[in-house]
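For reference, the structure discussed in these notes is given below.
Any read-out appearing in this document is the output of simple, stated calculations on the displayed coordinates, not a laboratory observation. Computed from a predicted structure; not experimentally measured. Reconstructed Cβ throughout: ideal geometry from the backbone, glycine too, with neighbour counts over all protein chains shown.
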Amino acid sequence: MKKKLIAGNWKMNGGLAANEALLTALNAGLDSARADVAVCVPAPYLSQVAALRGGLELGAQDLSAHEAGAYTGEVSAAMLREFGVRYVIVGHSERRQYHGETDDVVARKAQRALAAGLVPIVCVGETLEQREAGQTEQVVKRQLAAVIHLNGHCISEIVVAYEPVWAIGTGKTATPQQAQAVHAVLRAQLQAASAHADRIHLLYGGSMNAANAAELLAQTDIDGGLIGGASLKAPDFLSIVAAASALAT
Ligand code: PGA
């Protein structure tokens, strides 16, 4: 079994003092981790977190679909790279929902990340309405297909996060069976596109916490987690890392 990947998504939270306290607490508890652990932080804090990251990998939460130039407010892949960023979230449902990101934009962002040597964490997931209408599979396959279409030759370099929109920040987690069923669909889609699909990390995200992580992470096709709320509290995040470590062989 490959090492699990546990990535924290701080979203628009943090501050210099709070970040330092969180990173110090995380690093004190990471010594025995047998999982890859990353924190995806707001762009202004990249240099602070790069300096204090210890055993954590550095991640960003978004990047521009453009290479450089007159795009006020945007941050490029090359800029992230200069700060030691390894992972970058693309297509988070909050960006799709509040910033109008289409499947095409998400695919182009993933392409920019890959071209700069970053690992895009591509988020896919259905809304409650889509789940209730029986469209889950169709929605996540469409979202992933756009990324595969543009990046097929290096698709095994991406990470995919299945994040049902109805589970994000709501305290409602997908059951391990619901999550595994979607992960199996995504794995099959990746296998059809690449001979190396088995090495792609498929993360689950959406109210993963210290209490439910072990059962979710034990599923065959769940290779880690993308953690929002629980990544802001060191003991909770470390418990999730411990659950992932316990599954390492
Ligand atoms: P949550 O967020 O863990 O707070 O539900 C997950 C995410 O949005 O990545």
If you go through segment 1-23, how many residues are away from the ligand (no atom under 16 Å from the Cβ) and assigned to a helix (DSSP H, G or I)? 7
Determine the pairs where a residue that is in contact (Cβ under 8 Å) with a residue 12 or more places away in the chain and at negative phi, located within segment 87-104, has a partner that is among the charged types (D, E, K, R) and within 12 Å of the ligand (Cβ to nearest atom) with Cβ atoms under 7 Å apart, the partner being 6 or more residues away or on another chain. SER93/GLU163
Answer with yes or no whether TYR87 is within 20 Å of VAL124 (Cα to Cα), more than 17 Å from the chain's Cα centre (by Cα) and within 16 Å of the ligand (Cβ to nearest atom). no
When restricted to LEU63, LEU58, LEU26, the only residue aliphatic (A, V, I, L, M), part of a helix (DSSP H, G or I) and in contact (Cβ under 8 Å) with a residue 24 or more places away in the chain is LEU26
For GLY171: the one exception among (1) of a type in the set (Gly, Ala, Ser); (2) in contact with a helix residue (DSSP H, G or I) (Cβ under 7 Å, 6 or more places away or on another chain); (3) closer than 17 Å to LEU216 by Cα: (2)
How about segment 198-213: which of its residues are within 16 Å of VAL37 (Cβ to Cβ) and more than 14 Å from the ligand (Cβ to nearest atom)? HIS201
Does segment 160-182 contain at least one residue that is more than 16 Å from the ligand (Cβ to nearest atom), more than 16 Å from GLY8 (Cα to Cα) and within 18 Å of the chain's Cα centre (by Cα)? yes
